[in-house]
Amino acid sequence: QAFSLFVKAKEVPAAGRCAAGGDGVRWRCCQQAFEELASIHKHVALQHGTDIGQQAGSEAGVSSSSGPAPAGDVDGPDGHSCSSPEISCMLPDISHVSYDDLTSKVGEVLLYYCYCEVKDPEKLCAWQKALCQHLHLTGKVRVASEGINGTVGGSKVAASLYIEVMLSQPLFKDILCQEDFKSSAGGAHCFPDLRVGVFKEIVPMGIDPKIVSYKETGIHLSPQEFHREVEQYLSQASQGQSDTILLDCRNFYESKIGHFQGCLAPDIRKFSYFPSYVDENLELFKDKRVLMYCTGGIRCERGSAYLRSKAVCREVYQLKGGIHKYLEEFPDGFYRGKLFVFDDRYAISSNEDIISACRYCGMLWDQYKLCSSQRCRQLVLTCPSCRNKGLTACCPVCQEKELKVTSRASGQTLKEECECTWRRPRVPIEHLSQRTLDAGK
């Protein structure tokens, strides 16, 4: 009964159906028009389950169901429903878009970030959640008082609408531009779900943004400028005369399958280890020109600021738009191998080079899989031949037996540990050897 009443409330009066967009339009909801009963029923079931549950519970004198809410109607962190009038009015009109076009599996994955002052992160988070649900986008969005960082996937229509809305949002209107969105082939299927939340940092470096601010970042270089710098660096490095360090500030498993020629790639597992890496290797950076790069540019914003705060480098530069933008202009440039991405694709390619090898037989291979041990989340490079032999784990410890997971007194499970993590120093100490310079040849 509550369902029927909800649908009834969305009917367009017969007298107003022409104005609503045509004689065929019989219902309007969430700025969408519906002509068939089946379509409005499907929309309401997917997007307004909690509303109906609350209404039914209120009428029955009991609270609504405590079961999981449908993806389209999750309350925001500030307690406001994502379908509240205030947020609904900030959502784009999709009445002119068909459901099939909006949910097509042939789509894109967008990567973007924007550093700016956000006075109400919870409100921005609630709006982002509602916007992504409205456009059937999946992925991850991090919101903080210092800005927003997102990776979302959906149909081409949905991705285009998302960019359009973001560019028109007053908070980002004079900061974000079309070029700030990096896109690649993909879609909503590239992510298991949608996760939007409020955090202290929009990229987890582990340093309070008030201490090391994005406002103190390095000098931005366009892909063309960065290309020329790398070309000059490689030329000088081959002669042993370079005063420059080409620094990859991503994690080891990212640089393992793709990197710039002649780069210094820290053997770190998390970006939160980067500050300690810098602290342990200050002598390495002393009086050097540093060219930094990462996937989309966001890690360089904070990473370069931290490096500059140590006052040891002569100059610090960073690749604007990251590897993503560089590969758009130089697919056969100085970056070789695949570009690691944090979704179910794991990597995207711009050239045919394979620079990594199978963990077991050494054959050239660069397609990651998760370790087959149920409790391990390490990535492993194992070729089809080795996988057919049952070699599907990240290390012998995981291959021989299931990991034993201990628990804290509170009952929380500890993170997995295996040979991969035991043998890897958390913060390696680098020595700029001739081998590093020879890598540029």
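In this structure segment 219-349 gives 36 Å² per residue of accessible area when probed at 1.4 Å with all protein chains present.
Shown are Asp101, Asp267, whose ranking by accessible area with a 1.4 Å probe and every protein chain present, most to least, is Asp101, Asp267.
If the chain linking Cys177 and Asp120 were pulled fully straight, counting 0.36 nm for each residue of separation and taking away their Cα-Cα distance, it would gain 18.3 nm.
Hey, quick one: spin label on Glu329, modelled 7 Å out along Cα-Cβ, who in segment 217-240 has an amide N within reach, i.e. under 15 Å? Residues 220-232 qualify, since their backbone N sits under 15 Å from the label point. Accessible surface for segment 87-198, divided over its residues, is 42 Å² per residue with a 1.4 Å probe. List the lysines whose Cα sits under 18 Å from the Cα of Lys215, skipping any in the same chain fewer than 8 residues away. Qualifying lysines at Cα under 18 Å: Lys119, Lys200, Lys310, Lys320. What FRET efficiency comes out for the pair Gln236/Lys42, r = Cβ-Cβ distance, R0 = 45 Å, nearest 0.05? So, using R0 = 45 Å, E works out to roughly 0.10. Across the accessible surface of segment 219-349, with the other protein chains kept in place and a 1.4 Å probe, carbon and sulfur atoms take up 43 percent.
Close amide H pairs (under 5 Å, H built 1.01 Å from N) link Tyr346 with Val341, residues at least 5 positions away or on another chain. Accessible surface of segment 83-158, 1.4 Å probe: 52 percent of it comes from carbon and sulfur atoms.
The distance separating the Cα centre of segment 94-156 from that of segment 235-287 comes to 32 Å.
The distance between label points at Cys361 and Arg423 comes to 2.0 nm (points 7 Å beyond Cα on the Cα→Cβ vector).
Computed as a quarter of the hull surface, the mean projected area of the alpha carbon convex hull for segment 152-248 stands at 9.7 nm². Rounded to the nearest 0.05, the FRET efficiency derived from the C-beta distance between Ala347 and Asp93 at R0 = 30 Å is 0.25.
Karplus-derived 3J(HN,Hα) values for segment 327-339, using 6.51 cos²θ - 1.76 cosθ + 1.60 with θ = phi - 60°, are 5, 5, 9, 10, x, 10, x, 8, 8, 10, x, 8, 9 Hz; glycine and proline are entered as x. At an R0 of 56 angstrom, the distance between the Cβ atoms of Arg228 and Glu400 translates into a FRET efficiency of 0.65.
The values are calculated or read from the model by the stated rules, or taken from the named source; none is laboratory data. As the structure is a computational prediction, the values presented were derived from the model and not from experiment. Don't worry about glycine lacking a Cβ; one is built from the backbone with ideal geometry, like all the others, and counts go over all protein chains shown. Accessible surface areas use protein heavy atoms only, side chains included; no ligands, DNA or RNA. Shrake-Rupley method; radii C 1.70, N 1.55, O 1.52, S 1.80 Å.
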